[in-house]
Structures are given as structure tokens and as C-alpha cells.
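Take a look at the structure set out below.
We did not get these values from a lab; they are worked out from the coordinates using the rules stated. Predicted, not measured: the structure shown is a model, and the values here were computed from it. Glycine gets a Cβ as well: all are built from the backbone with ideal geometry, and neighbour counts include every protein chain shown.
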Amino acid sequence: MLNIAAVLCIATIYVRYKQVHALNPEENRIIRINKAGLILGLLSCFGLSIVANFQKTDFFPVHICGAVLTFGMGSLYMLVQTILSYQMQPKIHGKQVFWIRLLLVIWCGVSAFSMLTSSSLLHSGNYGKDVDQKLHWDPEDKGYVLHMITTAAEWSLSFSFFGFFLTYIRDFQKISLQVEANLHGLTLYDTAPCPVNNERTRLLSRDL
């Protein structure tokens, strides 16, 4: 499911990148920020795939690297998109979208700080050496409170990501996507292309 989520996030991030680029074709500053956001978003999705394929109990260092990519690059992606929203108001959209995204970024930052602080204290060595491999916790266990804070902060961080993607709904209602198959020849042999009268066949046509 995390791998599927990563693929869907890549599609969403790429569509958002193309939309911002189309809305600001001559704004060099926005174009540069937009490209940075695309790279950060793709790195975050790559980290999510690492988290999915390398379990915590089997490959703890790799799992942590994936989590840092997912949450770290994802948080920066949200910040970049919020900056873009600020740059594009009020010409492209209103201030309401910017303020909503800014609140989500603040929520993300508070959750990330809480998770990093509690996780660092939990893995400091004062609560045993097996906390990395421990799956079941009891209230009387040492470090139980820090474990619960870390878990709650991680879920809170994830929900801030979900909420941020939901803010794209109104933006994506203003665009439509098409897939076309362009015919460049009358055969499939590796020869010089045959002239075709600019025929285009829609891959997702109603006649299929």
C-alpha cells in the first residue's frame, strides 16, 4: 500500500508541477522554485518506497534513512508549495489557499519537532538497547510515554501531508488531462517514417 501511495504521490506532484509551470510560463523565479519542489517531492516519494520495502525490525538503518527522506523532503516540499502559493496570490488564486497551506506547514513543523525530540530521547540509550526492535509496549515499560509521543507525532505528521494534498482538489478542478497516441507511420518496421496526414488517435476515446 505504501508503494501504491508513493506512485500516486508522484503523479500528483508531477501534475502540480506542470500546472504551476503552465500558469507562470514567464516567471523565472517561480519556475525555479517549482523545479525545486518537484525534486523534493520525488525524493520524498522515493523515501516512502524505501520505508515500505525495508522493515524496521530487519533493516533499521535503511528504514530510518527512508523515513528521513519521506518526512524531511516532504516537509520541505510542503514549504516550497506554500511559498509558491504566496507568490501566485492574488493573481492566480486567493489568499485563503495560502493561509490554509501555511497552517498545514506549521502543523507539520510542530509534529516533526515533537517526533524528532521524543525519538532522540527514546534512542539515547537510557531506556534500553532493544527499543529499535521492540514491537509491543506496555504502560509499565521504560520509555513508554516517549514511545507514545513519537508514534502520535508521526501519525500527526502523516495527516498533515494528507491534508496538504487535499488542498490541491480545487486547483486540479481547473485542469483536464488527455492521453493521445500519435501515428508516425503505416508500419512498425525500423525504416524511414511514412507520411501520415497528421492522424491522431485518442488512447482513451469513447469508441474503445
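Quick rundown of the values:
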| read-out | value |
| --- | --- |
| Full-stretch length increase - Lys95, Tyr14 - with 0.36 nm per residue and alpha-carbon distance subtracted | 26.8 nm |
| Ordering of 165-177, 144-156, 41-53, 20-32 by packing [mean C-beta count within 10 Å, highest first] | 41-53, 144-156, 20-32, 165-177 |
| Contour excess over end-to-end distance, with Cα ends at Ile106 and Trp155 and 0.36 nm allotted per residue | 16.1 nm |
| Sites Ile39 and Ser176, calculated FRET efficiency, Cβ-Cβ separation with R0 22 Å, nearest 0.05 | 0.25 |
